1. Shape of region 1-102 from its Cα gyration tensor (a ≥ b ≥ c, root eigenvalues): rounded if a/c is under 1.5, otherwise prolate when a/b > b/c, or oblate?
2. How many angstrom lie between the C-alpha centres of region 9-43 and region 49-89?
3. So what's the angle, to the nearest 10 degrees on a 0 to 90 scale, between helix 113-126 and the longest Cα principal axis of the chain?
4. With the contact rule set at Cα under 8 Å and sequence spacing of 6 or more, what percent relative contact order holds for the chain?
5. Cut-off 10 angstrom, C-alpha nodes, Gaussian network model of the chain. Which of 76, 130, 109 fluctuates the most?
6. Which peptide among 113-123, 132-142 comes first, and what is the full order, when sorted by highest mean count of other Cβ atoms within 10 Å?
7. Would you mind telling me which residue in 125, 197, 214 has the biggest mean-square fluctuation in a Gaussian network model of the chain, where springs connect alpha carbons within a distance under 10 angstrom?
8. How do 24, 108, 222 rank when sorted from fewest to most other Cβ atoms within 10 Å of their own Cβ?
Ligand code: ADP
Ligand code: MG
């Protein structure tokens, strides 16, 4: 295993729903300490791809290599044990429970609620996403609910954190705060897989981008070296797009 090899490498990863290929032979690698964008229009296959990386969907074919080792990620808990955290587009929180109680549901049994509450509160403040662990989810804004999901992922000390269209539910101020958090994660040497269809935020915070269209990779680039129109061409297709 080369020291500077990718944290995660995906080879020819394919997901069929019936005969429809939502992901069609995807190749992608994520390096340690980078913010990597997965960019594509609605329906491009972004969520399907990351659900395979987090053990929510089983690939039809292809390979996932984690730190140089081929792996089968059979469940979210298997993904978490490898060091992969995920913040979904649609949250799975119980409204009637507190922040800490929600987080406890995804932890190994036996960890005390007071310990979870303390650690969640500490982490949320350390990463600039303050949360009251005793608040009820029903009383929280959508941005605060997203913080729960982020803190839940961070409690597992992930090497890779995947966020699926996180800014779609945030105000511009909340998005700025999230970007600071992502830069902190990067400065700690963690990798971020950042899913978006918004060019300007990808150009602002991401070190590399993999562009998907109709389940296929149409570009891999440094988004800061591209113009918005060249990125848009990779997303929507054109005779002149490089592949
Ligand atoms: P994105 O996240 O890029 O918007 P998705 O990965 O959600 O795209 O979806 C890619 C394509 O796969 C879409 O055409 C979508 O309708 C289809 N798709 C996603 N999930 C399923 C499913 N469970 N069954 C059938 N088709 C699906
Ligand atoms: Mg999606």
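1. Oblate.
2. If we compute the Cα centre of each part, the gap is 12 Å.
3. The angle comes out at about 50 degrees.
4. 26 percent
5. For the chain, modelled as a Gaussian network with Cα springs under 10 Å, the answer is 109.
6. Descending packing order for the listed peptides: 113-123, 132-142.
7. The residue that fluctuates most here is 125.
8. Final ranking by Cβ density, sparse to dense: 108, 222, 24.
We did not get these values from a lab; they are worked out from the coordinates using the rules stated. Since the structure is predicted, the reported quantities are computational estimates derived from the model, not experimental observations. FYI the Cβ positions are ideal-geometry reconstructions off the backbone, even for glycines, and counts take in every protein chain you see.
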